[in-house]
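Each reported figure results from applying straightforward, stated rules to the coordinates on display, with no laboratory input. On a predicted model such as this, the values are computed, not experimentally measured, just so you know. Glycine gets a Cβ as well: all are built from the backbone with ideal geometry, and neighbour counts include every protein chain shown.
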Amino acid sequence: MKHIGQHAIVIGASMGGLLAARALSDFYAVVTVLERDTFPQSDIPRKGVPQGRHAHGLLARGRSVIESLFPGWTDEVVASGGARGDIAGDVNWIGHGVTIKSAPSNLVGLLASRPVLEGHVRRRLMALPNVRVIENCSVQELIADDSRTTIRGVRARIGSGAEHSITADLVVDASGRGSSSPAWLESFGFAKPEEERIEIGIGYTTRLYRRRPTDLNGKLAVVVAGSGPNWRNGAVLYQTEDCWIVSVGGFFGDYAPDDDQLFAAYAGSLPTSEIYDIVAHAEPLSDFVRYRYPANLRRRYERLAKFPRGYLVFGDALSSFNPVYGQGMTVAAQEAVLLRECLDTGAADLARRFFARAAAVIDTPWDIAVGNDLRHPKVEGPRPAKVRFINWYIGKLHLAARHDAKLAAAFLEVANLEAPPTRLLQPAVVMRVIRGNLGRRGSGTEAAPAGAQARVDITRADRSDRISRRSSSRRAASSLPDSR
C-alpha cells in the first residue's frame, strides 16, 4: 500500500467508522477516531449504539469482507460465544407468508450480539500501531482552508473541556444517519445532497430468553419478513450457547407490547409458531427494550457537482436501511474495501471516485429494502412497473422455494449481497420458479403450524362474533321509530 498522508480523522466509532479507519490505516501515518460515547469495559450495549440491544446477525458477505480486513476475526467472535452458521441450512427463513426450503449451502454467516461483533472489530483496530481512538469527544464543526474548498480538520470538545482544533489531511464522517455533513457543507457554500426518504415507521420490541440446544430443532435462527395481512416481522437468533435474542415488530405504530402475555400473543400472530414457542415457554433473561426507526434514508452525494477536498461521508451517513434486512454492517464493510481501493490509486479526486463506487454498492441493498417495504400498502413512494413486477416475481419465487432448495439458496445469495439481483432472473432460475408454481397448483397451500391454525380459528370465531353483534345492532336499529 502507498503512503498518502500524515493524518486522517474518522468521526464516529460505530461499525462503519471502525471499518473506515481500518481502510485508512494502510495509507496514513496516523488515523484518529473521534467517538462522542465512552466504551464499556465489556461487550455490552452502549448509549451511542441504541440498536445494539436488538437482534443482529452478520450476512455472509459482511462476514467474509470483515474477515479479509481482520484475518482471524470470525474465530475470535466464535471463541467468545458467537456461532458461525450456514445461512441456508441453519436458519429458517419465512417470507411472503411461506417458509423456504432449508438445505446446506456455502453461505457462512455469524451470529453474536452487536456489542460482541463491534467490540472485536474495535479491539483489532486499536491494536494497530498507527490508530488511536479518542472517547467522549464531540465534533463541533469542520475546519476549512481560506478558500473554503478544502477541509483541514475538525474542531472538537473532549468531555466538558474547551474546544480543540485537530488538523488532518482527510476527514471521514461516519457519524451515522444523524450526520451533520449536509449542514456543514452548506455553511461552506456547498449544496446539500439530495435526500431520498421512504417513511416506514418500523418499531420492534426485544427480549433475551434462555436457550436450550433442543430449541428450534437445532436451528440457530428463525427470520420472518413482514407480509400481509398484518405485515409483522420477527427474528429469534442465537446469541450465546444459553441465550436467544427475540425481536418482533411492525410498521406505523403496530408495535409489539412490552408485556409478557401480549408480547407472546403478538409473536403468535407471525406466520410460524417457532418464535411464539420460544417466547411462551423459555425463561426470560432480560427486560423488554424497544427501538423505533422512522425511514429508509439515502443521501445522494454522488450527484453533487462540487464537493470539498479532504472530506468524505461514509456508512449510515450516506445511506441507512430498514434494519430488519440486516444490511447495514455489510454495506459498511463493502464501502471500506472500496475506500481502500480508491486510496490505492491516490488521493486526487477521491470524493468523486468514492461516492460513485459507493452508490453502485448501495443500489442493490437499497432496492431490496425499499422495494420490499413498498409492498406495504401504507408505505408511500414510487412504484414503477419494475418494482411491481419484481415484488410479484419474488412472491412466486418464495412459493416455489418452499420445496426447492436451489431456489432458496439463489434467493439467499442475493439477500446476503453475495450475488446481484439479476441472478434471480437467469433463465434457469425463472424456469424453476415457473415449474414450482405450476407443479403446486391444485395441491393446496402449505399446512399451517398447529398454533397458527388455532390462531386462525380464534380469529374466525372473533370475526363471526363481531358480524353477529353488528347484525343484532342493525335489527335493533331498524325497530326504532324514524326520527327524521
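List of remarks:
- Span from the the range 28-79 Cα centroid across to the the range 89-159 one, whole angstrom: 6
- Acute angle (nearest 10 degrees) that the helix 15-24 long axis makes with the longest principal axis of the chain, alpha-carbon atoms: 30
- Shown here for the range 263-356: trypsin sites (Lys or Arg not before Pro) in loop regions (DSSP other than H, G, I, E, B) with at most 14 other Cβ atoms within 10 Å, namely Lys306.
- Length gained on full extension, Asn217 to Glu76, computed as 0.36 nm times the residue gap minus the Cα-Cα distance: 48.1 nm.
- Once the Cα-Cα distance is subtracted from the 0.36 nm per residue extended length, the Ile44 to Arg148 segment shows a gain of 33.3 nm.
- The protection proxy used here, the mean number of other Cβ atoms lying within 10 Å of each residue, ranks peptides 114-125, 370-381 as follows, highest first: 114-125, 370-381.
- Which of Cys342, Cys243 has the fewest Cβ neighbours within 10 Å, and the rest in rising order: Cys243, Cys342
- About its Cα centre, the dipole of the chain is roughly 1540 debye, where the only charges are +1 on Lys and Arg Cβ and -1 on Asp and Glu Cβ.
- Fully extended contour minus Cα-Cα distance, from Ala265 to Arg155, at 0.36 nm per residue: 34.5 nm
- Long-range Cα-Cα pairs in the range 197-293 (distance over 15 Å), rounded percent: 56
- For the chain, the fraction of C-alpha pairs farther apart than 44 angstrom is 19 percent.
- Label-zone membership for the range 92-120, site Ser68, 7 angstrom Cα→C-beta point, backbone N under 19 Å: 106-110
- Helix 427-440 axis, angle to the chain major axis (alpha carbon atoms, nearest 10°): 20
- FRET E, pair Asp344, Leu128, Förster distance 25 Å, beta-carbon r, rounded to 0.05: 0.90
- Pairwise FRET efficiency - Asn106 versus Ile434, Cβ, R0 = 30 Å, nearest 0.05: 0.70
- Between helix 114-126 and the chain: long-axis angle, C-alpha atoms, 0 to 90°, nearest 10: 10
- Three-way shape call for the range 270-310 based on the alpha-carbon gyration tensor, with the a/c threshold at 1.5: prolate
- The range 274-429: translational diffusion in µm²/s, Stokes-Einstein, Kirkwood Rh over Cα pairs, 4 °C, 1.567 mPa s: 71
- Here the Karplus relation 6.51 cos²θ - 1.76 cosθ + 1.60, evaluated at θ = phi - 60°, turns the backbone of the range 51-61 into coupling constants of 6, x, 8, 10, 4, 9, x, 9, 4, 4, 5 Hz, with x for every Gly and Pro.
- Label point at Ala356 placed 7 Å out along Cα→Cβ; residues across the range 303-317 whose backbone nitrogen lies under 18 Å: 303-313
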